[in-house]
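Engineer: One structure follows; several queries about it will come next.
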Amino acid sequence: MPFVKTRVEIEGHVSEVIVEVPENEVEPWGKDAQLRIVGQRIPRIEGVARVTGKAVYTADVQLPGMLWCKVVRSPYPHAEIVEIDTTEAEKIPGVLAILHHGNTEPISVSGFGPVFNPVLRYVGAEVAAVAAVSEHVARDAVAAIRVTYRTLPFVLDPQKALEPDAPQVHPDGKVLGGGPRIIERGDVAQGERESDVIVERTFRLPAVHHCCMEPHGCVAVWERDDSLTMYDSTQSVVNVQTGLAGAFGLPRSKVRVLREYMGGGFGSKTGLEKYHVITALLARETRQPVKLTLERWEEIVTTGHRPYTVQTIRAGCRRDGTLTFLDLKAWVSAGAEGGRFALNSGIPVREMYLCPNVRTEEYAVYTNHMTNTAMRGPGNKEGMAPLEAVMDLLAHEIGMDPIEFRKKNDTPWGDQVAKIPYSSKGLSQAYDLGAKEIGWAGKRRKVAGSDPGPIKRGVGVGSLIWGAGGGPPSAANVIINTDGSVILQSSFNDIGEGAMTAMAMVCAEELNVPLSLIQVRAGDTGLGVFDVGTYGSRLTPSLTPAIRNAAADARRQVLQAVSELMDVEVNDLYMEEGVVRSRTDPSFAQPLPNVARQFTHAVVGRGFRGPNPSDYRVTAFGAQFAEVEVDTRTGQVKVLKLVAAHDCGRAINPFLVEGQIHGGLALGRGYAMSEERVIDPNTGVVVTCNYTDYKLPTAIDMPEQVPIIVPQIDEFSNNTNTKGMAEPPGIPTAAAIVNAIYNATGVVVTELPLTAERVLRALRTAGK
């Protein structure tokens, strides 16, 4: 089979990989395909296990002789360890091991430095770790460890961190990469000269947390052959396997990572973290299994977040609505060790609209708090709200409907940078369907803030673009056992979104057997069937084509066997609902179990994902609408309705897609209205480290939500016509709410979350 180079885009980052071209790639279904299972609203196959308590999560894992791990964490945002005294802790019965920088090899994790560093750069940094016979004993041992610190100056704000006399957070300098990342096309200065209208605003966007229902945790076991087994709550068993192998100098074959059920990740569980290495070190030291489950406050201070961002955006247009320039300058708090996704805020500015003159200048600044990590639409979500706010302001200045203004500046042909067309684009349909549902024509105030009296209503729109084509490498096996049962194997991870159901549906569709026959085996590197993980909206467009190829391979083998066994032309045979039939002989019917029991071994169909289309860019689009009510006397905002119209290609299971939309809307509503990590500026301590102080939206906070799947089949994306759908629903929600408040009051509130205090301050500043 030939090998080719292909481009893969995940969470705004494009890479090139070498992949094998499938020998028997199935043809895409296409828009006229008559499908039996795919496209149906089928309940989740694992749903009963989840709601009845039968599902086993990592925290449920219990092994003979298992020890508990607890970690001593830094109480200071910047300090040096002078001395660690473990004498009293070692005296506690049941304490088997204590590790710290003085007695542990300096293993680095993903470029974040050693797991135990004598220089501590954020509150919550790992100082020491204990393994004990119970959680209570481990907790007592942690309390008994005495640490002497020398505190150092710290800085929390990315703009202040750039000042000449600001404390040095990281030895590499003040900015990740040594300086700003500047990307430009055209001439912004020329665009300004051509503008009839120019607007400028500075936005402050909060750091927010993933708040997974299931905390981070793992169980490490060193086997007798010095191989490592880890049970882990992760979005990628493969990434964790690769990371552990590198950390401990092991071949990947000596590391097995397993994940059964999982309660959310949102980007925070995509790879190796320090707690994985600490747990494995303790297990190696004690030669017993060791479990670590982070407490809620540890989750918030140590496992990353969406970063705090300051963005100044300038934009201009002509009187006819043509954009002339976009100019963004962003300062992102990258944390103490730098974050891969700190430089994604400029993506919407560069890609969303047709504009000849664009410049983005982004600073990822080292600061004394935990490093930011990927979080559902990293960068795009932060960048979309400012962009969409200035789009509304420009439309207002020239007297154009905000939707018409966006359509005027749409990119119908394709990617402006790569100069290739989109594989499909349902954005215009999303605008139309969403506007109809929200009642845009009747509810939009032609003059913003024109309602009489203190209670004002308005509607707003927010757009999105997201690279959602996924791609290789992904692989699957479809095994038909000798009893006729079917097993689908891959290392993918169902993280709570229903992926097991969607993958089983694709397998049953291609194999043409009842869905009930499909058993899914996933989340285990021991299967030897590669998939990199569930993040970046990559899973469905990446793995479902591989599953189709594997199922088609298994079906071909079965039909060939029946042809040989029964002396029937193979081209005359087909499979229907698990029965092998003849096109020319209606009486010929061989149920799959009858056929399979004649085999001496299981049939194994193998499939993998071929290269991405070279002539198209596969991208998801969408539009969301918000209706709000604002009390101008108090600043209180009530979100009345959210409408989300999304182009995701073919919806494998509309029920699951709508679930993704509802979840994304909740995430976006929280980002817009209430969620915010707050740090005491005097101590550097996170004060919102529980769900009493950190304001997650609850069921009573959520408005009416209407999910709309744009009827758009992507014929060029892959053989299942799919695009990713995890990240998009959370990206434009805050933008729609900000613009709805503007329509209601005539004021753009530029600091999130949109608390009553901030809204009222903005209204008073504007003289409202």
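Engineer: Between I92 and T52, what FRET efficiency follows from the Cβ-Cβ distance if R0 is 35 Å, with the result rounded to 0.05?
Structural biologist: Numbers: r = 39 Å, r/R0 = 1.11.
About 0.35, to the nearest 0.05.
Engineer: Right, next: Taking amide H atoms as placed 1.01 Å from N in the peptide plane, list the residues 5 or more away in sequence, or in a different chain, whose amide H sits under 5 Å from that of V580.
Structural biologist: Amide H to amide H, under 5 Å and 5 or more residues apart or across chains, V580 pairs with Q590, L592.
Engineer: In Å, the Kirkwood hydrodynamic radius of segment 291-372 over pairs of distinct alpha carbons? Provide the component values of the computation, followed by the final result.
Structural biologist: Working: mean 1/r = 0.0683 Å⁻¹.
14.6 Å is the Kirkwood radius here.
Engineer: How high is the relative contact order of the chain, given as a whole-number percent (alpha carbon pairs under 8 Å, six or more residues apart)? Let's see the in-between values first.
Structural biologist: Values: 2016 pairs, mean separation 132.6, N = 768.
In percent, rounded to a whole number, it is 17.
Engineer: A further question follows. Give me the extension gain from D415 to E192: residue separation times 0.36 nm, minus the current Cα-Cα distance, reported in nm with one decimal. Intermediate results must be reported in sequence, preceding the final value.
Structural biologist: Values: separation 223, 0.36 × 223 = 80.28 nm, distance 2.32 nm.
Contour length minus Cα-Cα distance gives 78.0 nm.
Engineer: What does the extension gain come out to for S15 and E135, with contour length at 0.36 nm per residue minus their alpha carbon separation? Each step should come with its number before you reach the end.
Structural biologist: Details: separation 120, 0.36 × 120 = 43.20 nm, distance 4.29 nm.
That pair, S15 and E135, stretches by 38.9 nm at full extension.
Engineer: Still on this structure, I have one more. State, as an integer percentage, the relative contact order of segment 272-384 based on alpha-carbon contacts under 8 Å between residues 6 or more apart.
Structural biologist: On the way: 195 pairs, mean separation 30.5, N = 113.
Once divided by the residue count of segment 272-384, the mean separation gives 27 percent.
Engineer: Here's something else I'd like to know. Each label point is 7 Å from the Cα along the Cα-to-Cβ direction; what then is the distance between the points at V447 and R204, in nm?
Structural biologist: 3.3
Engineer: Using unit Cβ charges (K, R positive; D, E negative) and no other charged atoms, how large, in debye to the nearest 20, is the dipole of segment 1-93 about its Cα centre? The partial results should precede the final answer.
Structural biologist: Numbers: 11 positive and 15 negative charges, 140 e Å.
Charge dipole of segment 1-93: 680 debye, to the nearest 20.
Engineer: Apply the Karplus parameterisation 6.51 cos²θ - 1.76 cosθ + 1.60, with θ equal to phi minus 60°, to every residue of segment 210-224 and state each ³J(HN,Hα) to the nearest whole Hz, in sequence, with x for glycine and proline.
Structural biologist: Here the 3J(HN,Hα) series is 5, 6, 5, 4, 8, x, 5, x, 7, 10, 10, 9, 9, 7, 4 Hz.
Engineer: Additional query: How high is the relative contact order of segment 617-755, given as a whole-number percent (alpha carbon pairs under 8 Å, six or more residues apart)? Intermediate results must be reported in sequence, preceding the final value.
Structural biologist: Values: 246 pairs, mean separation 53.4, N = 139.
Result for segment 617-755 is 38 percent.
Engineer: Then there's this: Indicate, rounded to the nearest 5 percent, the antiparallel portion of the DSSP beta bridges found entirely in the chain.
Structural biologist: Values: 110 of 137 bridges.
Bridges in the chain that DSSP calls antiparallel: roughly 80 percent.
Engineer: While we're looking at this one, here's another question. Cα centroid distance between segment 703-768 and segment 553-631, in Å?
Structural biologist: 39
Engineer: Another question about this same structure. Mind listing the long-range amide H neighbours of Y149? Cut-off is under 5 Å, sequence gap 5 or more, other chains count too, H placed in the peptide plane at 1.01 Å from N.
Structural biologist: Distant-sequence amide H within range of Y149: V82.
Engineer: Residue separation times 0.36 nm, minus the C-alpha to C-alpha distance between Q62 and Q34: what's the value? Present the calculation step by step, with values, prior to reporting the outcome.
Structural biologist: Numbers: separation 28, 0.36 × 28 = 10.08 nm, distance 4.68 nm.
My answer for the length gained is 5.4 nm.
Engineer: Projected onto the charge dipole of segment 665-768 (+1 at Lys/Arg Cβ, -1 at Asp/Glu Cβ, origin at the Cα centre), which of A736, I708, G668 gives the Cα projection farthest towards the positive end?
Structural biologist: A736
Engineer: Of all beta bridges DSSP finds with both residues in segment 411-542, what is the antiparallel percent, to the nearest 5?
Structural biologist: Details: 6 of 10 bridges.
In segment 411-542, DSSP labels about 60 percent of beta bridges as antiparallel.
Engineer: Using alpha-carbon positions, what is the distance between the centroids of segment 469-518 and segment 169-224, in Å?
Structural biologist: 36
Engineer: Among 475-485, 324-334, 406-416, 373-383, what's the highest-first ranking by average C-beta atoms within 10 angstrom per residue? Intermediate results must be reported in sequence, preceding the final value.
Structural biologist: Details: 475-485: 20.5, 324-334: 25.3, 406-416: 16.3, 373-383: 28.4.
Going from most to least packed, we get 373-383, 324-334, 475-485, 406-416.
Engineer: Then there is this: So if I place +1 on the C-beta of Lys and Arg and -1 on the C-beta of Asp and Glu, and nothing else carries charge, what would the dipole magnitude of segment 614-702 be about its Cα centre? I want it in debye, nearest 20.
Structural biologist: Values: 8 positive and 11 negative charges, 22 e Å.
I would put it at about 100 debye.
Engineer: Oh, and also: Counting other beta carbons within 10 Å of each residue's own, what order do V51, V558 fall into, fewest first? Don't jump to the answer; show the numbers that get you there.
Structural biologist: Details: V51 10, V558 21.
Fewest-to-most Cβ neighbours within 10 Å comes out as V51, V558.
Engineer: A further question on this structure: Using a 10 Å cut-off on Cβ atoms, rank the peptides 735-748, 305-318 from the highest mean neighbour count down.
Structural biologist: Details: 735-748: 26.8, 305-318: 24.1.
In descending order of packing, they fall as 735-748, 305-318.
Engineer: Which FRET efficiency, nearest 0.05, do S253 and T600 yield, Cβ-Cβ r, R0 25 Å? Mind showing how you got there, number by number?
Structural biologist: Details: r = 28 Å, r/R0 = 1.14.
Efficiency for this residue pair is about 0.30.
Engineer: For R185, R150, R669, which order do you get if you count the other beta carbons within 10 Å of each Cβ and list the fewest first?
Structural biologist: R150, R185, R669
Engineer: Now, a different point. Within a 10 angstrom radius of the beta carbon, how do V4, V147 rank from fewest other beta carbons to most? Can you show the working numbers first?
Structural biologist: On the way: V4 13, V147 18.
Fewest-to-most ranking of V4, V147: V4, V147.
Engineer: What FRET efficiency do you get for E437 and M213 if R0 is 30 Å and r is their Cβ-Cβ distance, rounded to the nearest 0.05? Display every interim value, and only then the final one.
Structural biologist: On the way: r = 30 Å, r/R0 = 0.99.
The computed FRET efficiency comes out at 0.50.
Engineer: Using amide H atoms built 1.01 Å from N in the peptide plane, name the residues 5+ places from V520, or on other chains, whose amide H lies under 5 Å from its own.
Structural biologist: Close amide H contacts, sequence-distant or interchain: L488.
Engineer: Where the eigenvalues come from the Cα gyration tensor of segment 533-669, what are the semi-axes √(5λ) of the equivalent ellipsoid, largest first, in whole Å? The partial results should precede the final answer.
Structural biologist: Working: eigenvalues 504, 58, 35 Å².
The equivalent ellipsoid of segment 533-669 has semi-axes of 50, 17, 13 Å.
Engineer: Another question about this same structure. With label points built 7 Å along Cα→Cβ from the Cα atoms of S485 and D701, find their separation and express it in nm.
Structural biologist: Calculated label separation equals 4.4 nm.
Engineer: Apply the Karplus curve 6.51 cos²θ - 1.76 cosθ + 1.60, θ = phi - 60°, to the phi angles in segment 590-599 and return the couplings in whole Hz, x for Gly and Pro.
Structural biologist: Along segment 590-599, the couplings run 10, x, 4, x, 5, 5, 5, 5, 8, 7 Hz.
Engineer: Projected onto the charge dipole of segment 363-404 (+1 at Lys/Arg Cβ, -1 at Asp/Glu Cβ, origin at the Cα centre), which of I403, P378, Y366 gives the Cα projection farthest towards the positive end?
Structural biologist: Among I403, P378, Y366, the one farthest towards the positive end of the dipole of segment 363-404 is Y366.
Engineer: I'd like to compare 721-730, 122-131: which one has the highest average count of other Cβ atoms within 10 Å, and what's the full order after that?
Structural biologist: Values: 721-730: 28.9, 122-131: 26.3.
Going by the mean number of other Cβ atoms within 10 Å, highest first, we get 721-730, 122-131.
Engineer: Return the whole-Å distance between the Cα centroid of segment 295-337 and the Cα centroid of segment 90-156.
Structural biologist: 33
Engineer: Work from the charge dipole of the chain (Cβ charges, +1 for Lys and Arg, -1 for Asp and Glu, about the Cα centre) and give the residue of A189, V579, V175 farthest towards its positive end.
Structural biologist: The residue sitting most towards the positive pole is A189.
Engineer: Under a Cβ-only charge scheme (Lys and Arg +1, Asp and Glu -1), can you give me the dipole magnitude of the chain about the Cα centre, in debye to the nearest 20?
Structural biologist: Working: 78 positive and 89 negative charges, 260 e Å.
Here the chain has a charge dipole of around 1260 debye.
FYI, it's all coordinate maths here, none of it is from the lab. In this text the structure is predicted, and so the values were computed from the model without any measurement. Note that each Cβ is placed from the backbone with ideal geometry, even for glycine, and that neighbours are counted across all protein chains shown.
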